[in-house]
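To start, the structure under review is shown below, and the notes come after it.
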Amino acid sequence: MPRFFKDEINEDSLSLTGADARHVGFSLRMRPGEQLTLCCGGIDYDCTITDISGEAVYLKLNEKHPCEAEPDIEVTLFQAVPKLDKLEFIIQKGVELGVSRIVPMLTRRCISRPDSRDFEKKLKRLTKIAEEAAKQSGRGMIPEVTPIVSYKTALEMMSELDRTVMFYEAEGGKSFGEVELSSAKKIGLVIGSEGGFDSDEVKMAVDAGAERVWLGKRILRCETAPITGLSILMFLTNNM
């Protein structure tokens, strides 16, 4: 069933307008009597098309229910900025796996170092990638891709979460299965760029409350680590 996202829902007057309406009428060639789903804030609104008129599609609500594809945890991925194609891949796959928010951050060893103005120009495309991945994977919301932030700002954001896990390739961290997750609902995953983290950045994160996690003897690429981490997290929290 086709899915469309809305920022807010008025259950007494459901409709689609603009590009979404044109997509329904011209691309999908849907007709009155067919069904589609509106998604807002993790809730699915299953609807029937009652009329299609110009730039609007009018709908009747059949039922609403929590989106079954949404995890019961909120995961923020703090991703040190890699090259753009890798970031696009991370966003796409991260959304499919259930991430709630992606925070690109600048660390000392980032090879790609866009300034905030340049990154702002790319943000619309990155948000679109998140939206398309959310539709494809049946999500009930579009995960947020934030503007680029400094490492200091990222650490401040981590302090608002219940648990933060930092992946670091050096030995000395614990395994993911040793992290206490049962009481955590807001969880952060911290991933380095192609150059990884330096020791000072690791210490700053640990001092801020992050737990170091070691994923074994193999060094994972910066685009592999978040996919691996999200998969393990969703499995450990019964969301996979």
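The values are calculated or read from the model by the stated rules, or taken from the named source; none is laboratory data. If you're wondering where the values come from, they're calculated on a predicted model, not measured in any experiment. Because the Cβ atoms are built from the backbone with ideal geometry, glycine has one as well, and the counts that use them run over all protein chains shown.
Observations on the model:
- Single condition SER112 does not satisfy, out of (1) within 24 Å of VAL24 (Cβ to Cβ); (2) touching a Ser or Thr at 6+ places or on another chain (Cβ under 8 Å); (3) at pLDDT below 95; (4) among the hydroxyl-bearing types (Ser, Thr, Tyr): (1)
- Residue tally, condition closer than 22 Å to GLU144 by Cα, in contact with a Ser or Thr (Cβ under 7 Å, 6 or more places away or on another chain) and either hydrophobic (A, V, I, L, M, F, W, C) or in the same structural domain as GLY140 (by TED's automatic domain parsing) (or both), over the range 10-69: 1
- Where ARG117 falls short, out of the listed (1) basic (Lys, Arg); (2) without any contact (Cβ under 8 Å) to a residue 12 or more places away in the chain; (3) over 30 Å from VAL202 (Cβ atoms): (3)
- Residue within the range 89-107 that is in contact (Cβ under 8 Å) with a residue 60 or more places away in the chain, closer than 24 Å to TYR168 by Cα and exposed (fewer than 15 other Cβ atoms within 10 Å of the Cβ) present: no
- Restricted to the range 12-33, and to residues there that are exposed (fewer than 15 other Cβ atoms within 10 Å of the Cβ) and under 22 Å from GLN136 (Cβ atoms), the residue that is modelled with the lowest pLDDT is PHE26.
- Enumeration of residues in the range 99-125 that are within 18 Å of the chain's Cα centre (by Cα) and either under 19 Å from MET158 (Cβ atoms) or not assigned by TED's automatic domain parsing to the domain that holds SER193 (or both): VAL99, SER100, ARG101, ILE102, VAL103, PRO104, MET105
- Of all residues making up the range 130-145, the number that are surrounded by fewer than 19 Cβ atoms within 10 Å (Cβ to Cβ) and more than 10 Å from the chain's Cα centre (by Cα): 5
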